[in-house]
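Q: Encoded as structure tokens, here's the structure I'll be asking about.
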Amino acid sequence: MQEFNRDVKTELELFPEMTASPDYLQMIGQLEADLVSLTGQNRYKDASTTLANTATALKTMMAVELDKFDQLIGEADIAWQKKELAHLAGILARAGKIYQGNQDPLDHFLALAADWPAVSEALQQADAARIENNLTGEQQALQVITRLQHDMAGLDDRLAAVGQRLHQQRVDDLLGQIAAALSADDAGTARAVLTQLQTLAPNTLELAKLRADIAQLEEQIAFQTTMRAIDQFAADDNWAAAQKLASGHRQKFNTYQKFQQRADFIERVHQLMTSMRQLLNAPDELIKHSAQKRATGLIADAQSVLAFSPTLTTLTTALSTSLTSYTAPLDIIVVSDNVTFVEVKSIGQVGMVAQKSIQLPPGDYLFVGKRKSYVTIQVPVALRPGDSGRQITVIADEPI
């Protein structure tokens, strides 16, 4: 009896509808009466047989109940497939009364039914978005479903397909943005969008060409910007800044003939100005024939570009004036004693005179006075522009 109570009765508790039925109650009542009678007569073997027969009968009844439960679960699945939620709820309630030993299928259908309104709404939104080719909307709606209880077949595949189409759509959109930016010569935007594209789809076939196109556009823009800056410096008569900028970009734009020609012109003007300033800052250099020749060449070379630089015009005028002053002969008065023989070393003789006017261009000279029995005298003279009328005394008056 203890074994019956431990095994059979424990299992019977899982069948509430059956254990509440008249047949079950009558069977249990009859069993108890028979057991009391048989044990009272010490017919324990018969009592044991009766108990075993009753247990067998009860297990048969439980098997029937399990069949009913399984049948109801099958009906629940059909009702669910048809989305007959009210009918499904009734089936699940009946199944729960028949057998309580397996709650999983009941919980499964209850969870599906509870989330179905939200799943249905999200599915409708996804389908509508698909018709409108709104991939983002479709993806978001499908993702809502993944967070709910559902048994939709192919949801993962559909999400993957939408994700792939959305990815391609984003790639195409970025490609379009880059193309538009390139058409508008907007290298900054093109470069920024290219960075996004490289992150999103690093294997995009068009990347290599786009990099080259953007690099070429950036170079073109840099070229145009540099040219404008150089031209502005030149217009502002700031040739040093123009030359520095042009020189710094020669290598970068070594294939641009226009740039090289412009840089050559800038270099020419700047070099003319630099060379003229050097001569003007050291005017005595113009005493030298080589410097005079150089100044003459600079002045001649500058004539064709004077219109481009007021500063160069000023420098050219100043150098021309300085050159004239250093090449124009000066009227010099040589004073002596009529007995000293005077000459200008490497230039020529003056003779024995009391006073004589000669012409010499600015320069450094050595006047020499000779007289027999007297020490030869040497008089170094630096003649500079403005020295016309200067007297040079050369008298050898120191006896030997």
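Q: I'd like to verify something in the chain: which complete DSSP H helices, judged by Cα projection on the helix axis, reach 30 Å or more and average at least -1.0 on the Kyte-Doolittle scale?
A: Span-like helices in the chain: 44-81, 104-131, 155-183, 207-235, 257-281.
Q: Please identify every one of the trypsin sites (Lys or Arg not before Pro) in the range 82-190 that sits in a loop by DSSP and has no more than 11 other beta carbons within 10 Å of its own beta carbon.
A: Lys82, Arg147
Q: Once you place label points 7 Å from the Cα toward the Cβ at Arg211 and Ser304, how far apart are they in nm?
A: Modelled inter-label distance: 4.5 nm.
Q: A follow-up question, please. Sequence-distant or interchain residues sharing an amide H contact under 5 Å with Val379, placed H: which?
A: Phe367, Val368, Gly369
Q: Moving to a separate point now. Of the listed values (i) 46.5; (ii) 29.0; (iii) 21.0, grab the one calculated as mean projected area of the Cα convex hull in nm² from the structure here.
A: So the structure-derived entry is (i).
Q: Quick one: if you stick a label point 7 Å off each Cα along the C-beta vector at Asp337 and Glu219, how many nm between them?
A: 8.4 nm
Q: Could I ask something else about it? Are there trypsin sites (Lys or Arg not before Pro) in the range 273-335 that DSSP puts in a loop and that have at most 14 other Cβ atoms within 10 Å, and which ones?
A: Passing both the DSSP loop test and the Cβ count: Lys288.
Q: With a ≥ b ≥ c taken as the square roots of the eigenvalues of the C-alpha gyration tensor of the range 237-327, please select rounded if a/c is under 1.5 and otherwise prolate if a/b is larger than b/c or oblate if it is not?
A: Since a/c reaches 1.5 and a/b is larger than b/c, the shape of the range 237-327 is classed as prolate.
Q: Just list whichever of Lys288/Lys356; Lys209/Lys258; Lys9/Lys59 have alpha carbons separated by over 20 Å in the model shown. Show your work: numbers first, answer last.
A: Details: Lys288/Lys356 26 Å; Lys209/Lys258 26 Å; Lys9/Lys59 10 Å.
With Cα atoms farther than 20 Å apart: Lys288/Lys356; Lys209/Lys258.
Q: Need the full-extension length gain, Ala57 to Ala354, defined as separation in residues times 0.36 nm minus the C-alpha distance. One decimal, nm.
A: Here the segment from Ala57 to Ala354 would lengthen by 89.8 nm.
Laboratory data are not the source of any read-out in this text; all were calculated from the coordinates shown. Treat the numbers as computed from the prediction; the structure is a model and nothing was measured. Neighbour counts are summed over all protein chains in view; Cβ atoms, including those assigned to glycine, are modelled from backbone coordinates with ideal geometry.
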